[in-house]
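Report on one structure; see the data block that follows.
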Amino acid sequence: MLSAGATLRSMREQKPLVHQITNYVVMNETANATLALGALPVMAHAGEEVEEMARIASSLVLNIGTLSSHWIESMLLAGGVATARRIPVVLDPVGAGATEFRTSTSRRILDLVDVTVLRGNAGEVATLIGADAEVRGVESIAAGIDAAELARTAAQRLGVIASVTGPIDHVSDGERVLAIANGHALLATVTGTGCMSSALTGCFLAAKPGEPLEAAVEALAAFGVAAEDAADGAGGPGTFHARLYDALYALEPESLDGRAHIEEL
Amino acid sequence: MLSAGATLRSMREQKPLVHQITNYVVMNETANATLALGALPVMAHAGEEVEEMARIASSLVLNIGTLSSHWIESMLLAGGVATARRIPVVLDPVGAGATEFRTSTSRRILDLVDVTVLRGNAGEVATLIGADAEVRGVESIAAGIDAAELARTAAQRLGVIASVTGPIDHVSDGERVLAIANGHALLATVTGTGCMSSALTGCFLAAKPGEPLEAAVEALAAFGVAAEDAADGAGGPGTFHARLYDALYALEPESLDGRAHIEEL
Amino acid sequence: MLSAGATLRSMREQKPLVHQITNYVVMNETANATLALGALPVMAHAGEEVEEMARIASSLVLNIGTLSSHWIESMLLAGGVATARRIPVVLDPVGAGATEFRTSTSRRILDLVDVTVLRGNAGEVATLIGADAEVRGVESIAAGIDAAELARTAAQRLGVIASVTGPIDHVSDGERVLAIANGHALLATVTGTGCMSSALTGCFLAAKPGEPLEAAVEALAAFGVAAEDAADGAGGPGTFHARLYDALYALEPESLDGRAHIEEL
């Protein structure tokens, strides 16, 4: 059952360890978002330790934002442990579609790892399901597939929960589609807010085992509510960014569900 | 013709993609500065994708702040594409003169890539043109060459626009020298503000094709004006840093030229 | 003699260069903390330059937070130079105990480098001295060894100044144990504040040669006082984080000793 507040309360009690193999640009940001929300981040990417770390984690977040080959190997090693242990895995296919390397790496991870939630923007997710003729980048999506349909199709074809973020977020397990209308325009002015939403998805998945669709929806609602709070009084992208951690830390389990704008389509 | 306001307006309309291969310390900062100003940053350094990314970018920024050998190879690959495509390239030779590795890598990039703008501090730029007897680090410059002369000489010898930043910035194409007197002392208390000025130079170059001297000057004026705004009300380096993104975001094309203190020497 | 104020004044006059080989998550943060306090950070990790950089530095900080094998080699190379030059070395064994790779790497650095100060939390430090039967992670410490005893034992066995941070910090040279009761609970809500305390320890060591116990104590007191100032008026982790640099920058040598809560046990 959907309750971001209940999951948040449970997360803050358990403080699950969320193992993140992510990009250089946002490591500090996703670690701080995780910590501010109430879970424990750990960043580790060396082949020598990545499996051991994944063995003690409650969820795993893979983010390909600044990729290189030995990082991919580590993602696959950690993903293998996560798959074997059946802990949830989030994949953030940053820039899939921008280069062949990113597209093929995302596909390889989807093939080899039991990805629970694929969290990306519309262009990235479309790339991962689209034939070239069908969708080419973000532009052609508006003309053809809408975001709700994109989430449903991606979920079906890739066997994941598809979490497609944008002005309105859409999350689907291939049958149900939920839309989340929280958030703020300032999110688009700070780098790594998409990556943060993936990290927070990892936190919610860890705190709500067995209900990945609900957890993915709740994560985006919570992050969106925090963004709304952070924007209130912010002077622009920089102070919004600092206030975003304040807002995540201050999220109240009691009031969170009342503020979440979630609709089943 | 010099108009930081006009270039900024054009940049925000076009949202050029600025490919940055930069150091670990400032990646988040230069991405956020790029985004706050109104362009689109992309960080990618893997040999497998760096050429493909450079092929879709409007400018390329190379920054050697935390160097290692495979990053240099990627810089040369991306630089090769940029040279072939004739898109502008900014080189930030962070720490040239501090170690032989940084000095020789900067020279190698200058040799192999068609660098449009070399953006560094006086010591770094002096190292790249100086015989040991002539200049040794920042100290000896004050005694001998002044910054305006340094910019002019570097531009002539290296065949670049030389952008030498300091309390007063000096930019030269080897003939003309322009001095920019915007900025604030708090810039020196935050790491990566020099790197940010290089990234923003990449943004202005992308938005003002064919006029690299003017674009480099405008970038420093715009960054300096933003720093003045950010300092107003800041409590120290940390809040100044956050407010710097607010100020870049809030820069007004209409008032920018009136606030720029640019003088041709 | 203990005087954080006197050491800070001296540091700001000399501006010592503090060479840091640290993790991706906190590089920006430790550089900014170093700069805000009044020393000069330099981040360099390439095998090609790490010895040359260590040769011009006044202290070296090694932090294993996001480890991989070629970074370890660089730490050992830089550590070798530091040992030969007898400049102080700080080791921050981030996550020792969490994976075998981190534990064994920490031990290898302690074996091969003349580490001056080992700065870690209780679990990390306990791991590095403990037989499995004796201590297993942070939990069992509370039951058995207390933090003061842990610091003393670690200092004796490892031949270092042991700096064990927590709600109360304990620093020992194996004989004397000093407790520092400054700081604020918000420090635990921001990632990398432990790493910052290691970086600042490097700054104080550089500014107070020959008195490593005192320097390590003063660093924690100064950082704790800054945290108290930053917390005053902060809205949560994000604004606290920004204000922490403001507070480090604003630390007054005159009032610092009066505000430090240092007790010899």
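Below, the figures for the structure above:
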quantity	calculated
Cut-off 12 Å between beta-carbons: net charge of the residues surrounding C:ASP169, Lys and Arg +1, Asp and Glu -1	-1
Label 7 Å beyond Cα on the Cβ vector: A:LYS15 copy-to-copy distances, nm	4.1, 4.1
Least to most buried among C:ASP232, A:ASP229 (fewest other Cβ within 10 Å first)	C:ASP232, A:ASP229
Within chain A, percent of DSSP bridges classed antiparallel, to nearest 5	35
Gaussian network model of chain C, Cα within-10 Å springs - most flexible of C:LEU60, C:LEU205, C:LEU112	C:LEU112
Calculated P(r) of region C:161-265 - Cα pairs past 17 Å, %	49
Equivalent ellipsoid, chain A (semi-axes from 5 times Cα gyration tensor eigenvalues, Å)	24, 22, 18
Cβ crowding within 10 Å averaged over residues, with A:87-98, B:6-17 ranked highest first	A:87-98, B:6-17
Fraction of beta bridges assigned by DSSP in the protein assembly as shown that are antiparallel (%, nearest 5)	35
Simple Cβ-charge dipole of region B:52-134, Lys/Arg +1 and Asp/Glu -1, about Cα centre, in debye nearest 20	320
Reachable lysines, given that their alpha-carbon falls under 25 Å from the alpha-carbon of C:LYS208 and they are not under 8 places away in the same chain	C:LYS15
Rounded D (µm²/s) - the protein assembly as shown, Kirkwood Rh over Cα pairs, Stokes-Einstein at 25 °C, 0.890 mPa s	92
Centre separation in Å (Cα based) which lies between region C:222-240 and region B:52-72	37
Cut-off under 5 Å, modelled amide H: who pairs with B:ALA44 long-range	B:GLN20
Percentage, to the nearest whole number, of Cα pairs in region B:1-101 over 21 Å apart	35
Amide H contacts under 5 Å for B:SER59, placed H, 5+ residues apart	B:HIS19
Shortest-first nm distances, C:GLY47 label point to equivalent points in other copies (7 Å, Cα→Cβ)	1.5, 1.5
Label distances, nm, C:PRO209 versus same residue in remaining copies, Cβ-directed 7 Å point	5.7, 5.7
Neighbour net charge for A:ALA98 - beta-carbon separation under 10 angstrom, K R +1, D E -1	-3
For chain A, calculated [θ]222 nm from helices alone, where every DSSP H run of n ≥ 4 adds -39500 (n - 2.57)	-16500 deg cm²/dmol
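Bear in mind these aren't lab numbers, they're just calculated from the coordinates by the rules spelled out. Worth saying up front: this structure is predicted, and the values here are computed from it rather than measured. Heads up, the Cβs are rebuilt from the backbone with ideal geometry, glycines too, and the neighbour counts pull from every protein chain shown.
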